[in-house]
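The values are calculated or read from the model by the stated rules, or taken from the named source; none is laboratory data. As the structure is a computational prediction, the values presented were derived from the model and not from experiment. Every residue, glycine among them, receives a Cβ derived from its backbone with ideal geometry; neighbour counts consider all protein chains shown.
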Amino acid sequence: MFNVFLYGFFIALAQANTILTSGSATASIGQESIVVVISVDASEPIAGFQADWTYPASEIEIISVEKDSSFSWFITEANPQFAPGVVRLISADMQSHQGQFDTFIIEFNVLETATPGDYTLDMVGDVVADSSGNQLSSTVVSGVLTISPPDADGDGFAEGTEDCDDTDPNVHAEAEEICDKIDNNCDGSIDEDVTNVFYLDTDGDGYGDPASTVEDCEVPEGYVNNADDCDDSDENINPASEDVPGDGIDNDCSGEDTPVEEDSGIADEAQEEETETDDEVDGNKDESTASLACSQRSGQFSEGLLLLGCVLVVIRRRA
């Protein structure tokens, strides 16, 4: 269990002596084995030392007090004559001590029923100056124990608004949001600004519909990570398909249907046939014209000469 130390420094001065402690400790509700270290220091020789360390008995319980062999000690549970919430530390060897001559280590648990807040830990010290038991002045000095809400995952953030999941040390107010469907930074949003966009692939051709999207951490079933399908109802229509010219369908999603290309050989042959047909029509026209002319002149010439002339004209035209 993680221990938190509150160092209490006691300095005893002859006549105008003062007993001091400083520092602070922080623990969570239900945390065990919190340690307070109290050092005794005298700037001049003293023959004995006695101090009461008071604590909030409704919030913490004493487990043990370690001490030097020259000290005797009592705790409330073993000595009901002391007020609840008091640990009495006594040096009664009646030998002269000077400087930092001893240390007490008090270990305690924070109760599950404790109320979060700051608690004052008072020290009331009496210094015995000589073997006659002359008592010098004492003073009350304080340290502070801060009890915070539970921090079960040990991430340094108490259960509540700063730690929305006290079972996961990676979830707290200062955590980085990652795409894992968890509110990592406890801001009330899940995977904000870290998801990816995926596209529905209804026809299963591996190409997605740009009009049907979803945001997620991983590719959901039935979705792909591209938006390249122009008809998601037909698996034969996608950028990998070959376009069929002239079928009126954009098979390869290029944006248009490929037009049909005409064969140049077939076109030339058709043109040649059309030219021959025109010549034949023109020849027939000439013959008809010549015959008509001969017929119109039949009344002016003799029938024999007219017939001969017409025959000659026809022969010349055909030649």
Just checking, does segment 139-155 include any residue being in the same structural domain as E32 (by TED's automatic domain parsing), assigned to a loop (DSSP other than H, G, I, E, B) and modelled with pLDDT under 75?
yes
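Within the bounds of segment 102-110, is there any residue that is at pLDDT below 65 and either charged (D, E, K, R) or in a strand (DSSP E or B) (or both)?
Our first condition is that a residue be at pLDDT below 65; within segment 102-110, this holds for 102.
Retained after the next criterion (residues that are either charged (D, E, K, R) or in a strand (DSSP E or B) (or both)): 102.
Yes; the residues of segment 102-110 include at least one that is at pLDDT below 65 and either charged (D, E, K, R) or in a strand (DSSP E or B) (or both).
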I'm checking my understanding of the structure. Among residues of segment 197-208 that are buried (at least 20 other Cβ atoms within 10 Å of the Cβ) and within 27 Å of the chain's Cα centre (by Cα), which one is nearest to N238 (Cα to Cα)?
G208
Inside segment 199-240, the number of residues satisfying the requirement of being of a type in the set (D, E) and within 25 Å of I182 (Cβ to Cβ) is 4
